[in-house]
Amino acid sequence: KSELDIATADIANATKTFHEKVKNTTGETSQARVAQLASEIFSAVHNVIHEHQVSYAEYDAVKAWLIKVGEDGEWPLFLDVFVEHAVEDVATAQRPGSKGSILGPFYVPDAPRAEGRITLPMRADEPGTPLVFRSQVRSAEGTPLPGAQVDVWQSDSDGLYSHFAPGIPEWNLRGIVTADAEGRIEISTMEPAPYQIPHEGATGQLIVAAGWHAWRPAHLHFLVVAEGHETLTSQLYFAGGPYTDEDVASAVKPELMLNPTPVADGSGNEVEYDFVLAPV
Ligand code: MBD
Ligand code: FE
């Protein structure tokens, strides 16, 4: 397989996963709101065209590029990288509790479940620095939330996500853990590495054409679910790590930084970060 085939297989899966996720959701947007938002988006585009004297050659280049985003199966990737962060800001601006971040294109529901202390599914020779992640899930009033479900997913140390890259075992570095009677979890995993988003397709073409870079800082993804509470979608990063100040997906916040410390026995690093959920 060429690099392009791999990237295409990779991303087409994100389109399928997204269709699954939204198949039971109904549109809640009124006709008036659709009309207002659509016409304001068109006005914004028209304004850019007038202000920057966009040519027919540039219009055709954009048209070809938009067609290619779909052909490459990259709408989930492109939108989650360049647009989702603004939607997340709006959705969570007034919410008490832990800050969150974007979901991104690589979440897969129904990962293997376990309780208490778990090791994420990983290969016998999984590369990377071992990391023990501990957390207590609490409500905004400080009550621990036993039974909370913490869904975690991450890339491996080569920046590859199971389900989206060939040759990686099905649920590698993905799992759902249920919090104990004190609302606590412990997850043993491998530290992820900085991550270059798939850049062989249309999204990468734009990034190269604009002279940007395709990197995200190393990150762990979380979905934290507890009855009577708003689901927290989050990502945690490593303080001082590369690209924390220049994430291509603009999804870093100062509240989302981890500072792991070495475990005394030299076996790797450990860190605690508690999740605080807002009431519904
Ligand atoms: C990722 O791993 C990711 O988390 C986001 C938001 C976008 C592309 C790839
Ligand atoms: Fe990610």
Which pairs do you get when a residue that is among the small types (G, A, S), found in the range 72-87, comes within reach of a residue that is within 10 Å of ligand 1 (Cβ to nearest atom) and outside any helix (DSSP H, G or I), reach meaning Cβ atoms under 9 angstrom, with the pair 6+ apart or on two chains? A86/S250
Looking at S234, is it assigned to a strand (DSSP E or B), within 12 Å of ligand 1 (Cβ to nearest atom) and modelled with pLDDT of 95 or more? yes
G116, sole failed condition from (1) surrounded by 15 or more Cβ atoms within 10 Å (Cβ to Cβ); (2) touching a residue at least 24 places away in the same chain (Cβ under 8 Å): (1)
Out of the residues in the range 195-211 meeting the condition of being within 14 Å of ligand 1 (Cβ to nearest atom) and part of a loop (DSSP other than H, G, I, E, B), tell me which one is farthest from G159 (Cα to Cα). G201
Residue pairs meeting the criteria (Cβ under 7 Å; at least 6 apart or on separate chains; first free of Cβ contacts under 8 Å to residues at least 12 places away in the same chain, in the range 90-107; second within 16 Å of ligand 2 (Cβ to nearest atom)): T92/G100
When residues of the range 225-280 are limited to those that are of a type in the set (S, T, N, Q) and under 16 Å from the mean Cα position of the chain (by Cα), the one surrounded by the fewest Cβ atoms within 10 Å (Cβ to Cβ): T231
Please determine whether any residue of the range 142-149 is in a loop (DSSP other than H, G, I, E, B), within 16 Å of ligand 1 (Cβ to nearest atom) and either under 20 Å from E74 (Cα atoms) or over 16 Å from the mean Cα position of the chain (by Cα) (or both). no
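Yes or no, residue by residue, for (1) in contact with a Leu (Cβ under 7 Å, 6 or more places away or on another chain); (2) surrounded by fewer than 20 Cβ atoms within 10 Å (Cβ to Cβ); (3) part of a helix (DSSP H, G or I):
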site	(1), (2), (3)
L66	no, yes, yes
L79	no, yes, yes
D89	no, yes, yes
R95	no, yes, no
G100	yes, no, no
V108	no, yes, no
A111	no, no, no
P127	no, yes, no
S135	no, no, no
Only residues that are in contact with a helix residue (DSSP H, G or I) (Cβ under 8 Å, 6 or more places away or on another chain) and within 26 Å of T129 (Cα to Cα): list them for the range 200-217, please. H213, A214
Given the options E58, E28, name the one that is within 17 Å of Q205 (Cβ to Cβ) and either free of Cβ contacts under 8 Å to residues at least 24 places away in the same chain or over 24 Å from the mean Cα position of the chain (by Cα) (or both). E58
Within the range 196-216, is even one residue within 23 Å of G268 (Cα to Cα), buried (at least 22 other Cβ atoms within 10 Å of the Cβ) and touching a residue at least 40 places away in the same chain (Cβ under 8 Å)? no
Quick one: is D265 without any contact (Cβ under 8 Å) to a residue 60 or more places away in the chain and farther than 26 Å from A214 by Cα? yes
Would you be able to tell me the number of residues in the range 83-136 that are within 16 Å of ligand 2 (Cβ to nearest atom) and under 23 Å from V248 (Cβ atoms)? 14
For the range 138-179, which residues satisfy the criterion of being exposed (fewer than 15 other Cβ atoms within 10 Å of the Cβ) and within 16 Å of ligand 2 (Cβ to nearest atom)? D158
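The values are calculated or read from the model by the stated rules, or taken from the named source; none is laboratory data. If you're wondering where the values come from, they're calculated on a predicted model, not measured in any experiment. A quick note on method: Cβ atoms are made from the backbone with ideal geometry, for glycine too, and the neighbour counts reach across all protein chains shown.
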